[in-house]
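Novice: This is the structure, below, for whatever I ask next.
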There are 2 protein chains.
Amino acid sequence: MALQHASPGQVIALSPYGSQIATAKSIALFKSEDLEVMRLVLLAGKEMPSHRVAGEITIQCIEGSVEVTAENATHVLRPGHLLYLSGHSLHAVVALEDASILVTVVLKRTAGQGGAPA
Amino acid sequence: MALQHASPGQVIALSPYGSQIATAKSIALFKSEDLEVMRLVLLAGKEMPSHRVAGEITIQCIEGSVEVTAENATHVLRPGHLLYLSGHSLHAVVALEDASILVTVVLKRTAGQGGAPA
């Protein structure tokens with residue numbers, strides 16, 4: 001995730017990687033005050049094990065297909081499908097085909113943040 | 001915007017309207033604790049005049065093309081293009097072609113909210 005982040009007002013192209021997907025990398029597109037937006041690449045069979053994030057998230061399939069398991073339900077996302085999950089939802093993602101997905105996370109800032117954990 | 005909102009974990013299809021776009025309506029897809037997500041339809045020449053919202057927003061073009069003017073810069077968004085704008089950014093959108101766009105707004109909740117303006 002070494003690419004430079006986009007700035008406000010900068011156009012980000014989300015065209016499918018298509019035949020280039022095997023060498024594409026997951027990238028962080030931007031992280032702003034309230035949002036973190038990533039484009040993740042998951043090749044067929046790859047999995048993001050079950051995890052939670054504090055904020056709400058949306059997952060949009062750009063290409064390929066993924067299976068999202070969240071709150072004891074399983075959904076298959078194909079291109080153009082969007083799913084949103086509440087904050088703290090336990091969710092896992094597995095790629096059924098080579099896939100890239102757009103993930104938007106609402107950042108939860110707490111009054112006490114800023115101190116790194118020891 | 002009379003359609004029922006999606007719930008967390010419900011798959012929302014964002015396929016282009018294509019030849020049906022002339023009769024498609026702008027819809028609110030969901031409004032959650034922190035996000036409001038809408039799919040807006042703007043037929044060629046239609047404009048959303050300059051306005052601001054408190055929270056950060058992303059605008060993603062699903063089909064057609066729109067011109068977004070924000071903070072004294074103008075950007076053309078085509079299918080698969082994503083733009084994010086800081087909170088309180090003055091922005092206007094005009095459709096160059098019949099277009100549908102996905103707009104995600106971070107809701108800003110303030111301690112004093114809840115009281116309706118008189």
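The values are calculated or read from the model by the stated rules, or taken from the named source; none is laboratory data. Since the structure is predicted, the reported quantities are computational estimates derived from the model, not experimental observations. Every residue, glycine as well, gets a Cβ built from its backbone with ideal geometry; the counts of neighbours run over all protein chains shown. Remember, those area values only see protein heavy atoms, side chains included, never the ligands or the DNA or RNA. Shrake-Rupley method; radii C 1.70, N 1.55, O 1.52, S 1.80 Å.
Novice: Mind listing whichever residues of segment B:82-118 are polar (S, T, N, Q) and modelled with pLDDT of 95 or more?
Specialist: Across segment B:82-118, the qualifying residues are B:Ser100, B:Thr104.
Novice: Working carefully through the options A:His75, A:His5, find the one that is touching a strand residue (DSSP E or B) at 6+ places or on another chain (Cβ under 8 Å) and in a strand (DSSP E or B). Lay out the reasoning, then the answer.
Specialist: Values: A:His5 fails: in a strand (DSSP E or B).
Result: A:His75 is the single residue among A:His75, A:His5 that is touching a strand residue (DSSP E or B) at 6+ places or on another chain (Cβ under 8 Å) and in a strand (DSSP E or B).
Yes/no matrix, rows are residues, columns are (1) open to solvent by less than 30 Å² (accessible area, probe 1.4 Å); (2) polar (S, T, N, Q); (3) farther than 28 Å from A:Leu85 by Cα:
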residue: B:Val11; (1), (2), (3): no, no, no
residue: B:Ile21; (1), (2), (3): yes, no, yes
residue: B:Asp34; (1), (2), (3): yes, no, no
residue: B:Ala54; (1), (2), (3): no, no, no
residue: B:Val103; (1), (2), (3): yes, no, no
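Novice: One residue is enough: does segment B:27-43 have a residue meeting the conditions more than 24 Å from A:His88 (Cα to Cα) and small (Gly, Ala, Ser)? Even if it seems obvious, please write down each step before you answer.
Specialist: Of the residues in segment B:27-43, the ones more than 24 Å from A:His88 (Cα to Cα) are B:27, B:39-43.
Going one step further and asking which of them are small (Gly, Ala, Ser), we end up with none.
No.
Novice: Residues in segment B:39-61: is at least one closer than 30 Å to A:Lys108 by Cα, in contact with a Cys (Cβ under 6 Å, 6 or more places away or on another chain) and within 11 Å of another protein chain (Cβ to nearest Cβ)?
Specialist: no
Novice: Return a yes/no flag: does segment B:8-27 have any residue that is in contact with a helix residue (DSSP H, G or I) (Cβ under 8 Å, 6 or more places away or on another chain) and more than 18 Å from A:Ser15 (Cβ to Cβ).
Specialist: Keep residues of segment B:8-27 that are in contact with a helix residue (DSSP H, G or I) (Cβ under 8 Å, 6 or more places away or on another chain), which gives none.
Taking every residue of segment B:8-27 in turn, none turns out to be in contact with a helix residue (DSSP H, G or I) (Cβ under 8 Å, 6 or more places away or on another chain) and more than 18 Å from A:Ser15 (Cβ to Cβ).
Novice: Confirm whether A:Leu82 is part of a strand (DSSP E or B), surrounded by fewer than 22 Cβ atoms within 10 Å (Cβ to Cβ) and under 14 Å from the mean Cα position of the chain (by Cα).
Specialist: Spelling it out, it is not the case that A:Leu82 is part of a strand (DSSP E or B), surrounded by fewer than 22 Cβ atoms within 10 Å (Cβ to Cβ) and under 14 Å from the mean Cα position of the chain (by Cα).
Novice: Test B:Leu77 against the criterion of being of a type outside the set (Asp, Glu), touching a Pro at 6+ places or on another chain (Cβ under 6 Å) and under 25 Å from A:Cys61 (Cα atoms), and give yes or no. Spell out how you get there, then give the answer.
Specialist: Working: of a type outside the set (Asp, Glu): yes; touching a Pro at 6+ places or on another chain (Cβ under 6 Å): no; under 25 Å from A:Cys61 (Cα atoms): yes.
The answer is no for B:Leu77.
Novice: Here's another thing I want to ask about it. Looking only at segment B:13-38, which residues are part of a strand (DSSP E or B), facing chain A (nearest Cβ under 9 Å) and either within 15 Å of the chain's Cα centre (by Cα) or in contact (Cβ under 8 Å) with a residue 40 or more places away in the chain (or both)?
Specialist: Once the filter is applied, which keeps residues that are part of a strand (DSSP E or B), facing chain A (nearest Cβ under 9 Å) and either within 15 Å of the chain's Cα centre (by Cα) or in contact (Cβ under 8 Å) with a residue 40 or more places away in the chain (or both), segment B:13-38 yields B:Leu29, B:Phe30, B:Leu35, B:Val37.
Novice: Filter segment B:65-99 down to the residues that are out of contact with any helix residue (DSSP H, G or I) (no Cβ under 6 Å at 6 or more places or on another chain) and acidic (Asp, Glu), then identify the one that is farthest from B:Ala54 (Cα to Cα).
Specialist: Among them, the one singled out is B:Glu97.
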